[in-house]
Amino acid sequence: MQRPETTLFMLPSVDGKISAGDADILDFDVDLPKIKGVKEGLWQYYALEKKTDLHSLNTGRVMAKIGINNRKGEPKKAAFSFVILDNRPHLTAKGVAYLSKWVKKLYLVTTNSRHPAFKLKLRNVEIIYSRKMDLKSLFSKLKGKYGIRKLTIQSGGTLNAELFRNGLVDHVSIVLAPVIIGGKDTPTLVDGESLHSKKDLGHVRALKLKKCTVLKNSYVHLYYDVLN
């Protein structure tokens with residue numbers, strides 16, 4: 001394989017939502033611990049998260065949403081590394097500096113030549129810049145140039161859709177939270193552009209169930225191979 005082996009690892013509700021609503025102020029990490037019947041088994045997701053790959057892919061928007069730009073103090077140095085896609089940018093210079101202190105290595109991927117990370121000159125921050133985002137080329141570079149062999153994906157629904165449709169997801173590992181969220185504009189596991197024609201069915205990815213584990217407190221862990 002000329003790219004990392006990838007696993008999408010997420011915590012969706014039974015109806016596939018990955019947030020409690022359509023506003024950035026709403027976030028599962030903050031909101032689910034407040035919901036009776038859901039909070040009791042949430043620890044199992046975080047226990048499984050600790051067993052994921054040492055390289056994780058996410059977005060600047062998600063980092064901003066969880067408050068990375070506003071965190072203070074010195075974080076405990078982690079053994080894992082992040083690959084963060086951030087074009088807008090959503091990360092501030094302060095946020096990038098905090099991530100550099102937290103993770104072993106930060107690979108910041110951007111099409112924004114004015115991203116604040118360029119001015120920081122941090123030793124463990126590798127900026128991967130290109131004028132246009134090419135996910136297949138990026139993943140090839142992550143393995144060929146940077147030696148990343150396995151990668152856990154924990155990004156938002158829009159990027160997840162692009163990754164699936166480019167055949168860049170090999171496994172799906174989801175922990176179903178026992179809750180129904182609802183809301184047509186609430187982010188789901190996979191969002192992105194809808195299919196419009198029979199021809200578009202070529203973008204559909206079938207899955208092969210490899211493991212189903214019933215956890216405590218009505219949680220379920222499902223593990224699939226993606227039939228790319």
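The values are calculated or read from the model by the stated rules, or taken from the named source; none is laboratory data. For clarity, every value in this text was computed on a predicted model and none was experimentally measured. We place every Cβ from the backbone using ideal geometry, glycine too, and count neighbours over all the protein chains shown.
Brief remarks on what is shown
- Residue within region 26-43 that is of a type outside the set (D, E), farther than 29 Å from G183 by Cβ and modelled with pLDDT of 95 or more present: no
- Residue satisfying all of: in region 185-208; part of a loop (DSSP other than H, G, I, E, B), charged (D, E, K, R) and out of contact with any Leu (no Cβ under 8 Å at 6 or more places or on another chain); surrounded by the fewest Cβ atoms within 10 Å (Cβ to Cβ) among these: D185
- Any hit, region 102-109, residues being out of contact with any strand residue (DSSP E or B) (no Cβ under 8 Å at 6 or more places or on another chain) and closer than 25 Å to N69 by Cα: yes
- Tally, over region 1-22, of residues that are of a type in the set (D, E, K, R) and crowded, with 21+ Cβ neighbours inside 10 Å: 2
- Flag if G182 is surrounded by fewer than 19 Cβ atoms within 10 Å (Cβ to Cβ), assigned to a loop (DSSP other than H, G, I, E, B) and either touching a Leu at 6+ places or on another chain (Cβ under 9 Å) or polar (S, T, N, Q) (or both): no
- Answer residue from region 119-177, given it is of a type in the set (A, V, I, L, M) and in a loop (DSSP other than H, G, I, E, B) and is nearest to A206 (Cα to Cα) among those: V169
- Of the numbered criteria (1) over 21 Å from D53 (Cβ atoms); (2) in a loop (DSSP other than H, G, I, E, B), the one C212 fails is (2).
- Qualifying positions in region 181-228 - free of Cβ contacts under 8 Å to residues at least 12 places away in the same chain and either touching a His at 6+ places or on another chain (Cβ under 6 Å) or more than 30 Å from V38 (Cα to Cα) (or both): S194, L195, H196, S197, K198, K199, D200, L201, G202, V204, T213
- Close pairs (7 angstrom Cβ cut-off, 6 or more residues apart or separate chains): within 20 Å of L99 (Cβ to Cβ) and in contact (Cβ under 8 Å) with a residue 40 or more places away in the chain in region 122-142, charged (D, E, K, R) and surrounded by 13 or more Cβ atoms within 10 Å (Cβ to Cβ) anywhere: L142/R3
- Of the candidates K51, K101, the single residue that is of a type in the set (K, R), out of contact with any Gly (no Cβ under 6 Å at 6 or more places or on another chain) and under 19 Å from L11 (Cβ atoms) is K51.
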